[in-house]
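The values are calculated or read from the model by the stated rules, or taken from the named source; none is laboratory data. Predicted, not measured: the structure shown is a model, and the values here were computed from it. Here the Cβ positions follow ideal geometry from the backbone for every residue, glycine too, while neighbour counts run over all protein chains shown. Protein only, heavy atoms only, side chains kept; ligands, DNA and RNA dropped before computing areas. Shrake-Rupley method; radii C 1.70, N 1.55, O 1.52, S 1.80 Å.
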Amino acid sequence: MRIARFTTGDDPRFALVQQEGDKTFLAVLGGDPLYMPAMPTGERIELGDGVRLLAPVIPRSKVVAVGKNYADHAKEMGGEVPATPLLFFKPNTAVVGPDDPVVLPEFTREVSYEAELAVVISKVTKDVEPENVRSYVLGYTVANDVTARDAQRTDGQWARAKGFDTSCPLGPWIDTDLNPEDVAVRSRVNGELKQDGRTSDMVFDVPFLVSYISKAMTLLPGDVILTGTPAGVGRIDHGDRVECEVEGIGVLANPVFRRD
């Protein structure tokens with residue numbers, strides 16, 4: 001099952017994504033599927049003109065991200081693989097959806113893309129063991145952990161570098177049936193392939209990460225975990241278009257814009 005959040009110009013709504021040949025339809029749901037069963041209203045809308053996909057979830061409290069969770073990425077960044085997961089936060093104000101612009105802030109001149117698998121939490125999660133994690137996960141989506149590298153180097157911690165507005169694109173929808181053990185994670189900039197990794201290469205897998213995080217802090221419905229990025233990260237600038245893809249979910253695309 002795939003769950004999208006969308007608008008046709010009015011308040012955001014949720015829908016099940018249905019593919020028929022080369023057409024995509026949204027079977028509209030009543031209410032928020034995080035808090036009630038996914039019940040179609042009977043209304044069905046073709047995805048196209050007049051329909052705008054939104055970030056499939058706006059985290060109720062937090063985005064928890066994992067740094068250096070692929071050995072090849074840790075190496076390209078000049079660091080070692082951490083002995084335990086390296087955690088940091090992105091505020092929910094950083095979240096944008098498909099085709100929303102990534103707006104580069106004035107304080108940085110070196111911004112990178114990072115394609116990632118994202119985990120969406122379905123219910124209050126605390127002190128969960130890895131073997132029980134699946135029942136606490138609503139599903140998975142695609143993320144771009146946009147990073148101001150120069151600020152990351154100079155600040156000594158990552159709040160500004162990874163938490164600025166529009167630095168966390170999510171989408172295009174949530175897939176509830178994905179098996180995250182071994183799927184491709186890719187990125188493209190202006191159509192050119194930049195990253196091509198697999199989740200099987202993660203240092204810490206999804207069940208371990210959710211369990212580890214839940215033993216430090218309570219995860220709430222709608223919270224999102226970014227699981228790290230494979231090697232191949234690089235710079236983006238005004239006018240670029242970034243595509244992040246997770247096999248089995250889809251493609252999240254965003255233009256890059258700088259005001260100054």
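Atom-type composition of the exposed protein surface of the range 14-140 places 53 percent of the accessible area on carbon and sulfur (1.4 angstrom probe).
Short-range pairs are left out: with C-alpha atoms under 8 Å and at least six residues apart, the relative contact order of the chain is 25 percent.
Close amide H pairs (under 5 Å, H built 1.01 Å from N) link Asn69 with Thr229, residues at least 5 positions away or on another chain.
Each Cα pair under 8 Å and six or more residues apart adds its separation to the average, and for the range 1-149 the resulting relative contact order is 16 percent.
Label positions at Phe89 and Phe107, each projected 7 Å from the Cα along the C-beta direction, are separated by 1.6 nm. Each Cα pair under 8 Å and six or more residues apart adds its sequence gap; the mean of these over the residue count of the range 148-229 is a relative contact order of 16 percent. With Cα atoms as the point set, the range 161-260 shows a radius of gyration and Dmax of 14.9, 43 Å.
Counting only DSSP beta bridges with both residues in the chain, the antiparallel share comes to about 90 percent. For the range 167-260, the fraction of 1.4 Å probe accessible surface lying on carbon and sulfur atoms is 47 percent. For Ala159 and His238, a Förster radius of 30 Å and the Cβ-Cβ distance give a FRET efficiency of 0.80, rounded to the nearest 0.05. Sorting Asp100, Asp237 by solvent-accessible area of protein heavy atoms yields Asp237, Asp100, largest first, with a 1.4 Å probe. Taking 0.36 nm per residue of separation and subtracting the Cα-Cα distance, full extension of the segment from Arg134 to Asn179 would add 15.2 nm.
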